[in-house]
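Comments concern the structure below.
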Amino acid sequence: MNRRVSTQGESLEKGRPLIFRNGLVLTMDGSHRVLNDSDVLVVDGVITGIGTKLPAPDGALEIDARGGIVMPGMIDTHRHMWQTAMRAYGADWTLSQYFVWYYLQHGNKFRPEDIYAGNLMSAIEAIDAGVTTSVDWSHGLQTTDHADAAVDALEAVDGRFVLAYGNLQRAPWEWSASPEFLDFYRRRIDGKGDMLGFQLAIDVAGEPEFPERTAFDVARDLGVAVTTHAGVRGATGDESIRLMHENGCMSESTVFVHAATLSDDSYHRIAASGGSASVSTESEQSAGQGYPSTWKLRQFDIPICLSQDTSVWWSADLFSAMRTTIGADRSRQHYEAHQLDETVTHLDLRCEEVVHWATRGGAAALGLDTKVGSLEIGKRADVVLLKNENSPVMFPLLNPYGHVVLQAQRSEVDTVVIDGNLVKFEHRLLDVDMDKARSVAEATVSHLESELGTDAWVEGMNPEVPERQKRENPYTWAK
Ligand SMILES: [Zn+2]
């Protein structure tokens, strides 16, 4: 366990007032103010001052932000955190291999302690990368013991989390109406406040009877939002959207994950509901849910937020999400123009908007925008300092939004504050038991490998490579 003392012997006790000094501050407030050489003061978990040469209360920890960018904590609105113990295992998968592995072979092998292991690793990874709020899209909760383990892990890490409760082994209308589920909700979630939010994770299969309605009714009765994988080629499509819409099961709190491969009619329905789309560009690009949808969503004015989906393939930092998302969107703009034999001279999507999606957009999607997502006086203090004096990446600082989206990486995350508490300082995580995370991850990996057998384990990681088609070359090589 890391001690709460800085390298200079300074006490980093929880609850101590903090002041970031002389940073380049991306407020992400209503007018996206960018402030040079400015301070951000945090007292009692709240941002109490933003400006130059602010007086700090006695005992405040001074954080030197010179040469750095101070920005709101990033927000990941969809990650299957329980799968993190399988980190990179599915790096060469498509969605088909994922479905076989998780639904048929593998998903039901996870014990509560395996859910704990994945969630613990994922939660630590998130705060290390400056992701201060993560939605745990937890669809492996076969029993409420699994759900208890998920919450135990989230509560062991000083981050802000939202448990999106799901169970891929049973129909949503069954588990959501069970007394065990409601008991779990009352025991572990109800009244927890903003550090542990709750959603129902429900996918709509598109059956005309719409049996999922029962689960949507449970969500409404509990007053919690629904998050749903929508517009996933081969799984959920326009029919799912139509059923949700026509049965009154969409609202501005609904989060539509991926939202690719949908008709204009579906996008109109989503836009009319006021709900948000959580785009996981790295996922859509490799797994094949559909072309990353920001270029479409922007046409329909659907609010956008970002997500990383699962560490079976991808990492839990939002720098990768921002970078792949802007690349996919711009790629599409060029591609569409080239089909018309036109040339794009000005890009539609700017880095500033992508930083908005990674911060304020996520907060809005989760109904947390009055609390977090921007640096404004009165908001809870979820703050990230990007700074690295040992890296050439942090100078010169000319275009801060461009710097965040296309230059910075995890190694630039110097300091992370969540709800006013330091969780990372001078590139070092505080109060994190990495040895424990490592040992529970190892135990989960050896359990899963032994359950499946070594052959199936190795085969699962190395899907067949289809035969490659080579073009006939009309030319021959000559010296
Ligand atoms: Zn997902």
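Take the conditions in contact with a Cys (Cβ under 6 Å, 6 or more places away or on another chain), among the hydroxyl-bearing types (Ser, Thr, Tyr) and modelled with pLDDT of 95 or more and apply them to residue 263. Does it pass? Lay out the reasoning, then the answer.
Details: in contact with a Cys (Cβ under 6 Å, 6 or more places away or on another chain): no; among the hydroxyl-bearing types (Ser, Thr, Tyr): yes; modelled with pLDDT of 95 or more: yes.
In short, no.
If you take the residues of the stretch 58-75 that are open to solvent by 10 Å² or more (accessible area, probe 1.4 Å) and assigned to a strand (DSSP E or B), which of them is nearest to the ligand (Cβ to nearest atom)?
Just the residues of the stretch 58-75 that are open to solvent by 10 Å² or more (accessible area, probe 1.4 Å), to begin with: 58-60, 62, 64, 66-67.
From what is left, the residues that are assigned to a strand (DSSP E or B) are 62, 64.
Values: 62: 41, 64: 39 Å.
Of everything passing the filter in the stretch 58-75, 64 is nearest to the ligand (Cβ to nearest atom).
For residues that are farther than 18 Å from residue 257 by Cα, out of contact with any Gly (no Cβ under 6 Å at 6 or more places or on another chain) and not in a loop (DSSP other than H, G, I, E, B), tally how many sit in the stretch 323-364.
Initially, the stretch 323-364 is screened for residues farther than 18 Å from residue 257 by Cα, giving 323, 327, 330-353, 355.
Checking the rest, the ones that are also out of contact with any Gly (no Cβ under 6 Å at 6 or more places or on another chain) come to 323, 327, 330-350, 352-353, 355.
If we keep only those that are not in a loop (DSSP other than H, G, I, E, B) as well, we get 323, 327, 330-339, 352-353, 355.
Summing the residues that are farther than 18 Å from residue 257 by Cα, out of contact with any Gly (no Cβ under 6 Å at 6 or more places or on another chain) and not in a loop (DSSP other than H, G, I, E, B) in the stretch 323-364 gives 15.
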Taking the stretch 228-273 and keeping only residues that are closer than 19 Å to residue 199 by Cβ, assigned to a loop (DSSP other than H, G, I, E, B) and open to solvent by less than 10 Å² (accessible area, probe 1.4 Å), one is left with 231, 254, 259
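Within the stretch 274-295, take every residue that is part of a helix (DSSP H, G or I) and out of contact with any strand residue (DSSP E or B) (no Cβ under 9 Å at 6 or more places or on another chain) and give me the one that is surrounded by the fewest Cβ atoms within 10 Å (Cβ to Cβ). Quick ask: steps written out before the conclusion?
Going through the stretch 274-295, the residues part of a helix (DSSP H, G or I) turn out to be 281-287, 294-295.
Applying the additional criterion that residues be out of contact with any strand residue (DSSP E or B) (no Cβ under 9 Å at 6 or more places or on another chain) yields 285-286, 295.
Values: 285: 16, 286: 19, 295: 18.
Only one residue fits best here, namely 285.
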Considering the stretch 132-161, residues that are farther than 14 Å from residue 196 by Cα and of a type in the set (S, T, N, Q), and then whichever is nearest to the ligand (Cβ to nearest atom), we arrive at 142
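Quick check on the stretch 296-322: of everything there that is part of a helix (DSSP H, G or I) and touching a strand residue (DSSP E or B) at 6+ places or on another chain (Cβ under 8 Å), which residue is farthest from the ligand (Cβ to nearest atom)?
Let us first name the residues in the stretch 296-322 that are part of a helix (DSSP H, G or I), namely 296-300, 318-322.
From what is left, the residues that are touching a strand residue (DSSP E or B) at 6+ places or on another chain (Cβ under 8 Å) are 297-298, 318, 321-322.
Details: 297: 17, 298: 22, 318: 16, 321: 13, 322: 18 Å.
So the residue we want is 298.
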Scanning the stretch 190-227 residue by residue, those open to solvent by 50 Å² or more (accessible area, probe 1.4 Å) and closer than 14 Å to residue 246 by Cα turn out to be 207, 208, 209, 213
Restricting attention to the stretch 226-260, the residues that are among the β-branched types (Val, Ile, Thr), touching a Lys or Arg at 6+ places or on another chain (Cβ under 8 Å) and either modelled with pLDDT under 95 or within 16 Å of the ligand (Cβ to nearest atom) (or both) number exactly 0
For the stretch 343-369, pairs from a residue that is of a type in the set (D, E, K, R) to a residue that is modelled with pLDDT of 95 or more and in a helix (DSSP H, G or I), with Cβ under 6 Å and 6 or more apart or across chains, are 348/333; 352/401; 369/363
With criteria (1) modelled with pLDDT of 95 or more; (2) open to solvent by 10 Å² or more (accessible area, probe 1.4 Å); (3) closer than 27 Å to residue 317 by Cα, residue 95 comes up short on (1)
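Identify, from the list 116, 102, the residue that is part of a helix (DSSP H, G or I), closer than 30 Å to residue 456 by Cα and within 16 Å of the ligand (Cβ to nearest atom).
102
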Among (1) outside any strand (DSSP E or B); (2) out of contact with any Gly (no Cβ under 8 Å at 6 or more places or on another chain); (3) within 16 Å of the ligand (Cβ to nearest atom), residue 164 falls short only on (1)
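Collect the residues in the stretch 76-96 that are assigned to a loop (DSSP other than H, G, I, E, B), more than 11 Å from the ligand (Cβ to nearest atom) and within 27 Å of residue 276 (Cα to Cα), keeping them in residue-number order.
Residues of the stretch 76-96 that are assigned to a loop (DSSP other than H, G, I, E, B), as a first pass: 80, 87-94.
Right, trim to more than 11 Å from the ligand (Cβ to nearest atom) and you get 87-94.
Across the stretch 76-96, the qualifying residue is only 94.
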In the stretch 374-402, anything part of a loop (DSSP other than H, G, I, E, B) and under 24 Å from residue 15 (Cβ atoms) is listed as 374, 375, 376, 377, 378, 379, 381, 382, 387
Matching residues in the stretch 417-464 (in a loop (DSSP other than H, G, I, E, B), acidic (Asp, Glu) and within 27 Å of the chain's Cα centre (by Cα)) number 4
Listed by first then second residue, the pairs whose first member lies in the stretch 243-269 and is without any contact (Cβ under 8 Å) to a residue 12 or more places away in the chain, whose partner is assigned to a loop (DSSP other than H, G, I, E, B) and not hydroxyl-bearing (Ser, Thr, Tyr), with beta carbons under 6 Å and at least 6 positions apart or on separate chains, are none
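The values are calculated or read from the model by the stated rules, or taken from the named source; none is laboratory data. On a predicted model such as this, the values are computed, not experimentally measured, just so you know. All Cβ positions, glycine included, derive from the backbone under ideal geometry; neighbour counts span all protein chains shown. Heavy atoms of the whole protein, side chains included, go into the accessibility calculation; ligands, DNA and RNA do not. Shrake-Rupley method; radii C 1.70, N 1.55, O 1.52, S 1.80 Å.
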